[in-house]
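**Q** Please read through the structure below; I'll follow up with questions.
The values are calculated or read from the model by the stated rules, or taken from the named source; none is laboratory data. These numbers were taken from a predicted model, which means no experiment stands behind them. As a convention, Cβ positions derive from the backbone with ideal geometry for all residues, glycine included, and neighbour counts pool all protein chains shown.
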Amino acid sequence: MNSVVPVLAQEQGSPLGLLFILIPFGLLIYLMVVPQRKQRARQQQLVSSLSAGDEVVTAGGIVGVINVVEDDLIHLEVDNDVVIRVSKASVSRNLSEPPEEPKGGLLSGLFGGGGGAGSGASDSAGGDAPVVSRRVTPKQNGAGGK
């Protein structure tokens with residue numbers, strides 16, 4: 001009976017054992033919440049900085065120039081005399097501003113991410129290629145009824 005008492009005292013656990021469980025969960029939650037919060041703040045800053053004349057890309061991939069900014073909507077000119085109304089929240093990128101360089105995060109060295117010097121992805125010697133846009137018009141059928 002006396003040999004059972006020390007065994008029961010050891011089974012209650014120590015605070016150190018509890019830390020081994022809580023620290024990984026806390027780290028996991030931190031790594032999930034903080035990047036989402038930063039992304040939400042960037043999106044909110046982008047939406048609040050939209051103004052007429054900015055060239056933007058929507059989440060659906062539509063590129064256009066903002067004509068009018070309303071409370072929750074923007075009027076986006078996608079072609080000559082073609083204006084669509086889209087939600088401000090659907091704007092994913094402002095082409096009028098230069099793109100942000102990705103910063104190395106907490107795990108960037110571990111997973112090979114980060115935009116440090118020598119990353120090679122955006123270090124092209126020729127710069128950006130010019131964007132060529134052309135209008136495609138439907139062929140006019142001279143036969144009349146076809």
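**Q** Which numbered condition in (1) closer than 28 Å to Met32 by Cα; (2) at pLDDT 90 or above is the only one that Ile66 fails?
**A** Just one mismatch for Ile66, condition (1).
**Q** Return yes when Arg85 is exposed (fewer than 13 other Cβ atoms within 10 Å of the Cβ) and farther than 23 Å from Pro98 by Cβ and no when it is not.
**A** Values: exposed (fewer than 13 other Cβ atoms within 10 Å of the Cβ): yes; farther than 23 Å from Pro98 by Cβ: yes.
Criteria met by Arg85.
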